[in-house]
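Undergrad: If you scroll down you'll find the structure; I have some questions about it.
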Amino acid sequence: MGILYEKVMRPILFTQDPEKIHERAVVALDLLGRSRLSCAVLERFTRVPHTRPVKLFGLEFPNMVGMAAGLDKNAQFWRAASALGFGHVEIGTVTNLKQPGNPKPRLFRYPKEKAIINRMGFNNLGSETIARNLKRAGAGHKNRIPLGINIGKSKVVPLDKAVDDYLGSFNHLADFADYITINVSSPNTPELRKLQGRDYLDSLLGALRDANVHRSKKLGTAKVPMLLKIAPDLTFSEIDSIVQSIYDHEFDGIIATNTTIERPGAFASIDQTGGLSGLPLQKRSRTVVNYIYKATDGKLPIVGVGGLMDERSVGEMVDAGASLVQVYTGFIYGGPFFASRMANALASHHCTNF
């Protein structure tokens, strides 16, 4: 199926506008997710045999491969993710305020380099609407696979009001999330990455931690696991500072990494702003994961993402220290059952000998 997609289906799809194709895929997967029978039948073919579930943050992940944020921005097809072989799914990025995102065109493929540049700009329906949709779909009640919700800053909100903006999203969405990711690393919202600096980050993580504790006491439930997603363009000293903030505010893990603003190799002459993902990001994201793993003696759970395009790169990311992995661009280039193939490879080879 993978070869059929890569040799026949992908060349046809790639002749069409990437955002329109994405929208059509969302509609198709939404329809799939609405049919429990169809999902159950498809799961029989994509389920990974002989794999041991990964237990992290008090959650159980049936396999190591998750869908990264950015594919299902408005929580439209998350129910279909398990049928495609994913072991978890992360929706969003969701902002507190509804926003259209950046002007089109804003999504660009580079098949020769197996890469994508996007400057979508957190286009989404807003946290209140998405919360209503999740409630209607039954999210939070024994999801088939863990459901993560990725939240970011609304574009029109200034940095000094960012804490309240994130808290608004948290308060709307926490009831439906198996875990929540704090996105401070997208390059497509002006000044967002400044929130990775210690002055901003401590107040943001502290406020979210306090809101999480207050919610758990009020409801008599466990705290929602919370992760932080970082950029690949940080220095090691900046990463050290972020990791310390994660420990100080009792966050549960880190996602490394988001897209890059660097333009390596052939991209030096490409004049498109936005975040670069795919194969050109592979080495840097793996380096960041391995640095964090060594710096924390392997004690901080890491979700590795960035440039995972085949069985070898996924295995190398796990060997570098990732407890879980997520895919986005690899899914676009590898086809609908890419996650199942990667999860099977990890299970078969026990994360080594790739």
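Laboratory data are not the source of any read-out in this text; all were calculated from the coordinates shown. In this text, all values refer to a predicted model and were calculated from it rather than measured experimentally. When we count neighbours, we look across all protein chains shown, and the Cβ atoms used for this are built from the backbone with ideal geometry, even at glycine.
Undergrad: For Leu228, what residues show an amide H to amide H distance below 5 Å, using hydrogens built from the backbone and excluding near sequence neighbours?
TA: Residues meeting the amide H criterion: Ile182, Gly253, Ile254, Ile255.
Undergrad: Which one, Gly58, Gly265, Gly298, has the greatest fluctuation when you compute a Gaussian network model over the chain with C-alpha springs under 10 angstrom?
TA: Among Gly58, Gly265, Gly298, the largest mean-square fluctuation in the Gaussian network model of the chain belongs to Gly265.
Undergrad: Looking only at the stretch 78-165, where both bridge partners belong to it, what percent of the DSSP beta bridges are antiparallel (to the nearest 5)?
TA: Around 50 percent of the beta bridges assigned by DSSP in the stretch 78-165 are antiparallel ones.
Undergrad: Something else now. From largest to smallest, what semi-axes in whole angstrom does the stretch 2-349 give when each is the square root of 5 times an eigenvalue of its alpha carbon gyration tensor?
TA: Working from the Cα gyration tensor, I get semi-axes of 27, 23, 21 Å.
Undergrad: Right, next: Kindly work out what percent of the DSSP beta bridges joining two residues of the chain are antiparallel, to the nearest 5.
TA: 30
Undergrad: How do Lys7, Lys73 rank when sorted from fewest to most other Cβ atoms within 10 Å of their own Cβ?
TA: Lys7, Lys73
Undergrad: Of Lys155/Lys217; Lys153/Lys283; Lys73/Lys155, which pairs sit farther than 21 Å apart, going by alpha carbon to alpha carbon?
TA: Lys155/Lys217; Lys153/Lys283
Undergrad: Tell me whether the stretch 4-132 comes out rounded, prolate or oblate; compute the Cα gyration tensor, take square roots of the eigenvalues as a ≥ b ≥ c, and use a/c under 1.5 as the rounded threshold.
TA: It is oblate, given that a/c is not under 1.5 and a/b is not larger than b/c.
Undergrad: Does the stretch 110-244 come out rounded, prolate or oblate, given a ≥ b ≥ c as the square roots of the eigenvalues of its C-alpha gyration tensor, rounded meaning a/c under 1.5 and, failing that, prolate meaning a/b above b/c?
TA: Because a/c hits 1.5 or more and a/b fails to exceed b/c, the stretch 110-244 counts as oblate.
Undergrad: Connecting C-alpha atoms closer than 10 Å in a GNM of the chain, tell me which of Ile270, Ile130, Ile91 has the biggest fluctuation.
TA: The residue that fluctuates most here is Ile270.
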